[in-house]
1. Treat every Asp and Glu Cβ in the chain as -1 and every Lys and Arg Cβ as +1, leave all other atoms uncharged, and give the resulting dipole magnitude about the Cα centre to the nearest 20 debye.
2. Determine, for the chain, the count of lysine pairs separated by eight or more sequence positions (or lying on different chains) whose alpha-carbon distance falls under 13 Å.
3. What are the principal axis extents of the Cα atoms in segment 240-294, in Å, biggest first?
4. Name the most mobile residue of Leu244, Leu108, Leu65, meaning the one with the largest mean-square fluctuation, in a Gaussian network model of the chain with Cα contacts below 10 Å.
5. Can you bin segment 184-334 into rounded, prolate or oblate? Criterion: square roots of the alpha carbon gyration tensor eigenvalues sorted a ≥ b ≥ c, rounded for a/c under 1.5, prolate for a/b above b/c, oblate for the rest.
6. How large a share of the accessible area of the chain, in percent, is made up of carbon and sulfur atoms when the probe is 1.4 Å and the other protein chains stay in place?
7. Taking only Cα atoms, what is the 0 to 90° angle, nearest 10, from helix 78-89's long axis to the longest principal axis of the chain?
8. Report the accessible area of Cys34, computed with a 1.4 Å probe over the heavy atoms of all protein chains in place, in Å² rounded to the nearest 10.
Amino acid sequence: MQIPQPYLLFLGDVTDPLSAKTAQGIHQWRPDVCVGQIRLTDETVSLGLDDLSLQEAKALGAKTLMIGTANAGGYIPASWVNTLEEALKLGFNIASGMHQRLTDFPSLNSLAKKHQCQLFDVRHYDESLDVGNGKPREGKRLLAVGTDCSVGKMYTTLALEKEMNQQGIKANFCATGQTGILITGSGISIDAVVADFISGSVERISPAFFDHDWDVIEGQGSLFNPSYAGVSLGLLHGAQADALVLCHEIGRQHIRHLPHMPIPAIHDVLNANLQAAKLTNPNAQWVGICLNTSAISEQDALELCHQWSSEYNLPVTDPVRFGVSSIVDKLHLI
């Protein structure tokens, strides 16, 4: 699957900026593929892009109407459907990361077929997959793992991809979640994959390659989160990572949504992930730790990074505040 670019970002009628985080991510990490935005009301959140009609965006070369918002329940409101139908009539593809499928709407299916357009429901994956086999394959791979879910694994891997390419290391971001897929245009949403095929799906996302230096694989969940540990383990085995980066949020006291589960000790997380990774790549190694330090001051964050770097003998940084060049410097040695 490859979602045709460039995109027209559809913001619907949402007024909460957090509801537009997918569109914000696309704009931040792939600004060159964003032709503009389309909003249904003046009160709708804005990304600061040009407000375009469907016709104007089509004239500028947009190929896909990208639904860049989310709502509680992940459904497609009736108020959006007319715009989606008009987009298909003009020849747009449509991509969505919502739980409700675009293909659930008969009118969208019919129009897509009539106008030879594609509907991309990236949160769902219906193609056949093989089980993982753990066989070595060409190319180097980096995987982000975490002490919990939602600690910055996607941001970290996108920041690493960008810095690696800036330093002359040819890197490719491999998306494993719906937002990452919408940002990069391809990937498999791992949480939509039957458990037996998780490691195999990662092998498909990052097959053998010779045309670049590294695949940077987006992580999901945590080995220490009882809700999502299975997904995390499948990623570790399928990635066959040469390099691991740990992501952690400073100040988080317990596993998200599970107050009875404390955040694990960093040493335990480092040991468990490395042991699991070595099943399919005995040479796997840690190359850095990325922290979300938004809960503390920048000076305290800098001091903490220095302290952790000394304690764990690894580059430690906050990707937002301090960048990831120190970790990329270490990759030159692998």
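1. The dipole of the chain has a size of about 600 debye.
2. Taking the chain as the scope, the lysine pair count is 7.
3. Ordered largest first, segment 240-294 gives principal extents of 35, 24, 17 Å.
4. Leu108
5. Oblate shape, in that a/c is at least 1.5 and b/c is the bigger or equal ratio.
6. On the chain, the fraction of accessible area on carbon and sulfur atoms equals 49 percent.
7. Taking Cα atoms only, the helix is inclined about 80 degrees.
8. Its heavy atoms expose roughly 20 Å² to the probe.
The values are calculated or read from the model by the stated rules, or taken from the named source; none is laboratory data. This is a predicted model, so every value here is computed, not measured. Neighbour counts run over all protein chains shown; Cβ positions are idealised from the backbone, glycine included. Note: areas computed on protein heavy atoms with side chains; ligands, DNA, RNA excluded. Shrake-Rupley method; radii C 1.70, N 1.55, O 1.52, S 1.80 Å.
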